[in-house]
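To start, the structure under review is shown below, and the notes come after it.
Quick note: the coordinates plus some simple rules give every number you see, no bench work behind them. Small disclaimer: the values here were computed from a predicted structure and weren't measured. Every residue, glycine among them, receives a Cβ derived from its backbone with ideal geometry; neighbour counts consider all protein chains shown.
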């Protein structure tokens, strides 16, 4: 039964994607909160330099040495970027844009010069092909298990242990680095540990999914979760859940439409982000539009109360305190005028009597609040 599970190609593809997505989302949550998410892109490109340097020194294209070398190249990217930023000659975003293209270009040049006949393909590193993870296997206990599955399982365990064991320290270092340093938590060291694990996860993900899908998993699910909640524990769980959903839905749609599996998984992270951007209860565009609409209605209600109050005791009230007057004198479209009147009625600010608008006791109190500052200003003059 176990052998049948590992021989199930769709299960291996899905499980590989889930392992990458969860591992990346665990770390990406803290990177997004810290404002360092795009360092992931820099690391994912610059570790090509580490891969080729390790090959030149050891002639190994896989294994722990390769992972360590690539991870160190990722950390080197961060160190050089921060050194440039500290010089105050360039800002951090420009420093990242200077460092990682240089390291990536150096890696590509070294590959073209010294490793043309070696299986170090830049396109494979960047794009990957998750559909072929079941081809590269190792035998454990008589069962053939995909190498990527084993590697990513170890990475997930390490990332999860890092987050759980250092939860309080990471939380404090992200939200208040100054206090974390004062309490002796070494936020700088935690940050470099986080980036080192990000580099290791990126290297482990390359053969399976490539850098592009890895970057999508690191950044997009946590960014989507950030729109949905402001609690760190909830954000982490939502980011992990969205990564898993992106893998499952991406695989199903890729099979249905016969398109790239990795590309569809990455696209689904974008779909879920778009949904969060639109429908997030507090920060979503729809919620913002509704708040603006409510605020505009409230402002219009104040204008309505002021208008009715100004003419309630005047001879012109028969003309002014009508719906038609709001349309003609205030320049409101009929639909807007009707909506404002309904809002005023619902809030108990006005009442209708013989086709005219009259202020209620509540409306009169609001009118006095509106006009009282003006009256005081006139009296002072």
Helix axis angle, 285-311 relative to the chain longest principal axis, alpha carbon, degrees: 10
Principal-axis tilt of helix 64-86 within the chain, Cα atoms, nearest 10 degrees: 40
Relative compactness, the range 39-94, computed as alpha-carbon Rg over 2.2 N^0.38 Å: 1.28
Rough spin-label spacing in nm, given labels placed 7 Å along Cα→Cβ, for residue 258 and residue 108: 3.3
FRET efficiency for residue 182 and residue 248, using Cβ-Cβ distance with R0 set to 41 Å, rounded to 0.05: 0.40
Additional length obtainable on full extension of the chain from residue 140 to residue 161, 0.36 nm per residue less Cα span: 5.1 nm
Length-normalised contact order for the range 2-211 - Cα pairs under 8 Å, 6+ apart - percent: 33
Prolate/oblate/rounded label for the range 287-380 (Cα gyration tensor, a/c 1.5): oblate
Shape of the chain, Cα gyration tensor, a/c cut at 1.5: prolate
Global geometry of the range 2-211, whether rounded, prolate or oblate, following the gyration tensor of its Cα atoms and the 1.5 cut on a/c: oblate
Mean Cα-pair separation over length for the chain, i.e. relative contact order, pairs under 8 Å, 6 or more apart, %: 18
The range 293-319 versus the range 203-275: alpha-carbon centroid distance in Å: 51
Residue 92 paired with residue 132, simple spin-label distance in nm, labels 7 Å along Cα-to-beta-carbon: 3.8
Residue 285 paired with residue 189, simple spin-label distance in nm, labels 7 Å along Cα-to-beta-carbon: 4.5
Residue-averaged [θ]222 nm for the chain, counting only DSSP H segments that reach four residues, each worth -39500 (n - 2.57): -26000 deg cm²/dmol
Tilt relative to the chain, helix 187-228 - C-alpha long axis, 0 to 90 degrees, to 10: 70
